[in-house]
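What follows is calculated from the coordinates using simple rules that are stated; it is not laboratory data. None of the values given here were measured: they were computed from a predicted structure. Cβ placement follows ideal geometry from the backbone for every residue including glycine, while neighbour counts extend to all protein chains displayed.
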Amino acid sequence: MTNPTITERGPEDAKTSGPAAEQARREEELIQRVLDSFAQTPDARLQELMNSLVRHLHSFIRDVRLTEGEWDAAIQFLTAVGQITDDRRQEFVLLSDVLGASMQVIGVNNPADGEATESTVFGPFFVEDAPEIRKGEDISGGAAGQPSWVEGTVRNTRGEPIPDARIEVWEADEDGFYDVQYDDQRVAGRAFLRSDADGAYAFWGLTPTPYPIPHDGPVGQLLEATKRSPVRASHLHFMVTAPGCRRLITHIFVEGDPQLDVGDSVFGVKDSLIRRFEEQQSGTPTPDGRDLGDRTWTRTRFDIILADADA
Ligand code: BEZ
Ligand code: FE
C-alpha cells in the first residue's frame, strides 16, 4: 500500500509564510514521518488501520491544541482503566460503550438486511454455560422481580421458521444486579432454550427495570465529570444462533420506561427493539397455568428475524 500524504490543515490562522505556517509545516512533517514509519508493514490491513489511527489522533491533538497537562491526564485515565480491569471487570469495554464506540462497531458489522432484527450492545454480563431450560420454564432462578412471560418465534428473512435456534437470555434482578455481581456464585436471571419445530419459544423471566452500569471506577468519574447518567434503559438481553444465520446479539426494551426519554448510557436503544410489556392483574390466568398467587405479572412478544450468515 502506498503511504498517504497528510492533508490536515494546520493552525487555523496558517498562512503560506510566517510563524503559523512554519508551525503547521512542522506538525505536518511529524505526521508524515510517523506514517512513513509504518510503510514496511507486511499486513496491508494493519498498515491501513495504523495510518488512519495516526491521522485521526494527530488531527484530534491539533484540532483541540491539546496541552501537555491534558495529555498527561488522558494517560493517567487510561492507566486507571487498565488497573481496574481484571477477569470480572472490563473497564475498557465499558469505556467503549459510554463513548458509543461499541454501538458504532456493531452497526458497521451488522448491516441492515430486510426485516432482520436489529443488534445492540453485548455488555459484560453474558456468561457461557448458563443452564438450559425447556419452553415455558423460568430463567429467574430465584432472582427478585415481577414475573414476565416472554414469547415469540425465530424466523429467517424469508419468513421461514427456524427450529432448534439457540436462544440465550440474561437480565438483571429488580435491584439492578446480574447474578455475577454477587459474591455467592449464584446462577440467576439467565438461561438458554431452543426454538421448537415451528420456530416458537417462550419462557418466564422478570420484567426488566433500569440499572446503572458499573460506575465506581474511572468510567464513572468520566460520566460524573460530564454530568451524564450511568443508568441503562430497562432491557432483557438475547443472543440467538442458528446454522446458516448471522448471530444476533440484541435486547428488548420496555415501552413506557422513562429512561428511554432520558437516554441510555451506552446508546443501545433502537426503536425497533422497544416492546410493550402488558401489565396483568393478580389472578389473571397465566399462559401455561402457572399459579402466581396474588402477584401481578407482565407479558410480551418478541418475534426474532435472523439475517442469513452471508448477508
Ligand atoms: C448491560 O446491558 O449489561 C451493559 C451494557 C454495557 C455496559 C454495561 C452493562
Ligand atoms: Fe444489561
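Quick notes on this structure:
- Remark: C-alpha extents of the range 39-125 on the principal axes read 49, 36, 28 Å, sorted largest to smallest.
- Legend: translational diffusion of the range 153-232 by Stokes-Einstein, Rh = Kirkwood radius over C-alpha pairs, 4 °C, 1.567 mPa s; D = 84 µm²/s.
- Over all pairs of different C-alpha atoms, the chain has a mean inverse distance whose reciprocal, the Kirkwood radius, equals 22.6 Å.
- Computed label-point distance, nm, for sites residue 186 and residue 30 using a 7 Å Cα→Cβ extension: 5.4
- One compactness figure for the range 207-311 is 1.35, namely its Cα radius of gyration divided by 2.2 N^0.38 Å.
- Scaled to the globular estimate 2.2 N^0.38 Å, the Cα spread of the range 1-160, given as radius of gyration, is 1.60.
- Per residue Cα convex hull volume in Å³ - calculated over the range 104-190: 133
- Look at the dipole of the range 95-306 built from charges on Cβ: of 180, 237, 305, the Cα furthest out on the positive end belongs to 305.
- Other residues whose C-beta falls under 12 angstrom from the C-beta of residue 285 contribute a net charge of 0, scoring Lys and Arg +1 and Asp and Glu -1.
- Note on the chain: GNM, Cα springs under 10 Å; of 286, 296, 41, the largest mean-square fluctuation is that of 41.
- D by Stokes-Einstein for the range 12-66, Kirkwood Rh over Cα pairs, 20 °C, 1.002 mPa s: 174 µm²/s.
- Quarter of the Cα convex hull surface for the range 96-137, i.e. its orientation-mean projected area (nm²): 4.8
- Magnitude of the charge dipole for the chain, about its Cα centre and with charges confined to Cβ atoms of Lys, Arg (+1) and Asp, Glu (-1), is about 580 debye.
- Within the chain, percent of DSSP bridges classed antiparallel, to nearest 5: 75
- Charged neighbours of residue 159, selected by a Cβ distance under 15 Å, balance to -4 (K, R count +1; D, E count -1).
- A convex hull fitted to the Cα coordinates of the range 49-97 yields 96 cubic angstrom per residue.
- Gap separating the Cα centres of the range 226-271 and the range 274-296, nearest whole Å: 24
- Shown here for the range 44-142: GluC sites (Glu not before Pro) in loop regions (DSSP other than H, G, I, E, B) with at most 10 other Cβ atoms within 10 Å, namely 128.
- Here the Karplus relation 6.51 cos²θ - 1.76 cosθ + 1.60, evaluated at θ = phi - 60°, turns the backbone of the range 47-61 into coupling constants of 5, 4, 5, 5, 4, 5, 4, 4, 5, 6, 5, 5, 5, 4, 4 Hz, with x for every Gly and Pro.
- Relative to the longest principal axis of the Cα atoms of the chain, the long axis of helix 19-37 makes an angle of roughly 60 degrees.
- GNM top mover of 20, 233, 112 - the chain, alpha-carbon springs below 10 Å: 20
- Close amide-amide hydrogen proximity is noted between residue 211 and 232, each under 5 Å apart and 5 or more residues distant or on a separate chain (H modeled in the peptide plane; Pro and chain starts excluded).
- Filtered trypsin sites (Lys or Arg not before Pro), the range 53-129: DSSP coil and at most 11 other beta carbons within 10 Å: 65, 88
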